[in-house]
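Okay, structure first, notes after.
The values are calculated or read from the model by the stated rules, or taken from the named source; none is laboratory data. Remember, predicted model here, so these are calculated numbers, not experimental data. Cβ placement follows ideal geometry from the backbone for every residue including glycine, while neighbour counts extend to all protein chains displayed. We work out accessible area using only protein heavy atoms, side chains counted, and drop any ligands, DNA or RNA first. Shrake-Rupley method; radii C 1.70, N 1.55, O 1.52, S 1.80 Å.
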Amino acid sequence: MLSVGDKLPNFTLSVQQGISALPGGETLDLATHAPGKWKILFFWPKDFTFICPTEIIGYGDLAEDFADRDTVLIGGSTDSDFVHFAWRKADERLAKCDFPWIADNKHELTRALGILDKDAGVALRATFIVDPEGVIQHITVNGLNVGRNPAETLRILDALQTDELCPCNWKEGDDVLQPMAEAA
């Protein structure tokens, strides 16, 4: 599995966004998408399941907060762009989550990231916070049966963007730590 400090691999994958038309071969290049911005790249195991929509909707509910922090959301699973389209069409709450969903149905990116569940053959619930230079700054990975907290991803992004020492449970607006040598 890739780790903090590694570069996000450069992949171009099929992508689905919106519900106005069937997927038409659109792709997203991770290296060139949203240059100069932070990226939240998060994966779920499968479309048309129970936990996954709660997470996607949770990220969608915070999309403006992420955008305010110069950050783009990119979701994805090992399903195809057509399955993503059908799921968005079937659930108006998901249709409102207007950020790109990559389709890694060949398992190329999930294998490169090290987040492909060996037994189930689907993505683990993995979240990557990637800085504007394409360097991974944070990773969380949950098993298939436990959902994430998108608000915690936002809190960690806030801490990373301070470039300061942030203590346990730090929130935006809280004091950062000052080493004794600097405090004097």
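Observations
- Sum of -39500 (n - 2.57) over DSSP H runs of 4+, divided by residues of the chain (222 nm, nearest 500): -7500 deg cm²/dmol
- In this structure GLU92 has an accessible area near 140 Å², from a 1.4 Å probe over the protein heavy atoms.
- Dipole magnitude (debye, nearest 20) for region 59-174, charges at Cβ of Lys, Arg, Asp, Glu: 580
- Alpha-carbon centroid distance for the pair region 43-108 / region 1-33, whole angstrom: 12
- Equivalent-ellipsoid semi-axes of region 50-104, from the Cα gyration tensor, Å, largest first: 19, 13, 9
- Three semi-axes of the equivalent ellipsoid, the chain, Cα gyration tensor, whole Å, largest first: 30, 17, 16
- When only the Cβ of Lys, Arg, Asp and Glu is charged (+1, +1, -1, -1), the dipole of region 1-131 relative to its Cα centre reaches about 220 debye.
- Size of region 97-149 from its Cα atoms: along the principal axes, largest to smallest, the extents are 34, 26, 24 Å.
- The lysines whose alpha-carbon is closer than 24 Å to the alpha-carbon of LYS46, local same-chain residues fewer than 8 away aside, are LYS89, LYS96, LYS106, LYS118.
- At q = 0.22 Å⁻¹ the log10 of I(q)/I(0) for region 75-184 amounts to -1.30, computed by Debye summation with a single uniform scatterer per C-alpha, solvent ignored.
- When you restrict to C-alpha pairs under 8 Å that are six or more residues apart and normalise by the size of the chain, the relative contact order lands at 27 percent.
- Among the protein heavy atoms, those of LYS171 account for about 120 Å² of accessible surface (1.4 Å probe, every chain in place).
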